[in-house]
Amino acid sequence: MTLTIYSESWILDKPPVVNASPLIYLSKAGLISLLQIVSSEIFVPQSVATEILQRGQSDITAKTIEETSWLQVIETPDVPAVIQSWDLGAGESSVLTWAYANPKTEAIVDDLAARRCAAALEIPVRGTLGLVLVAKQRGEIDSARQLLDRLRQAGMYLSDSVMNRALALVEE
């Protein structure tokens, strides 16, 4: 697997759309503001908000969605066949549907199959790890390692080898 910090050459003129896992991990780790590294407004598909409630994440994450003005819950169009064929979860499908229907919209997802689908459809994509790396690259944080450790404690799976390769990209 190759790790890349996406270049700022992408001109993304629309708010990114985020899936459940980045919201859950960032909320639990007290790092939800990292999403604002990429935009001052973030879209959350209604199906993602519903998924968070159904998974029992109603404590911190649902409260975060409800109380954070720059997280905007949106309705998404019907999932097109090209995305349905990937057999993703409802949240991933709605995130990619929104980004697909709104070119130059970044999808923030951690799921590998969803990231592969995004790549196949040429949808700009970034994960939770990428948010931390961009924050470090822009000088918004002092230590990517500390934030990644907090995210791991919040339940995010990140192998030591992936973490070390990622930290090497930001010279940590």
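The values are calculated or read from the model by the stated rules, or taken from the named source; none is laboratory data. Nothing here was measured: the structure is a model prediction, and the numbers come from that model. FYI the Cβ positions are ideal-geometry reconstructions off the backbone, even for glycines, and counts take in every protein chain you see. Just so you know, the surface numbers come from the protein's heavy atoms only, side chains and all, with ligands and any DNA or RNA stripped out. Shrake-Rupley method; radii C 1.70, N 1.55, O 1.52, S 1.80 Å.
Compute a Gaussian network model of the chain, connecting alpha carbons closer than 10 Å, and tell me which residue from Val132, Val73, Val82 fluctuates the most. Evaluated over the chain, the most mobile residue of the options is Val82.
Each principal axis of the Cα cloud of region 74-172 was evaluated for its coordinate range; sorted largest first, these ranges are 42, 24, 24 Å.
Using the heavy atoms of the protein chains alone and a 1.4 angstrom probe, what is the accessible area of the chain per residue in square angstrom?
Values: 8580 Å² over 172 residues.
In whole numbers, the chain has 50 Å² accessible per residue.
Here r is the Cβ-Cβ distance between Gln84 and Glu172 and R0 is 41 Å; the resulting FRET efficiency, rounded to 0.05, is 0.55.
Charge dipole (Cα centre; +1 on Lys/Arg Cβ, -1 on Asp/Glu Cβ; no other charges) of the chain amounts to roughly 280 debye. The residues Trp70, Trp86, sorted by heavy-atom accessible surface at 1.4 Å with ligands and nucleic acids left out, run Trp86, Trp70 from largest to smallest. Among Pro45, Pro77, Pro22, the largest mean-square fluctuation in a Gaussian network model of the chain (Cα springs under 10 Å) belongs to Pro77. Close amide-amide hydrogen proximity is noted between Val125 and Ala107, each under 5 Å apart and 5 or more residues distant or on a separate chain (H modeled in the peptide plane; Pro and chain starts excluded).
At a Cα cut-off below 27 Å, give the lysines reachable from Lys28, other chains included and same-chain residues fewer than 8 away excluded. Candidates past the 8-residue exclusion: Lys14, Lys63, Lys136. Among (1) 1.02; (2) 1.25; (3) 0.97, which one is Cα Rg over 2.2 N^0.38 Å computed from these coordinates? Calculated Cα Rg over 2.2 N^0.38 Å: the matching label is (3). Across the chain, the longest piece that holds none of the trypsin sites (Lys or Arg not before Pro) lying in DSSP loops with up to 14 other C-beta atoms within 10 Å covers 1-54.
Taking only protein heavy atoms and a 1.4 Å probe, the accessible area of the chain is 47% carbon and sulfur.
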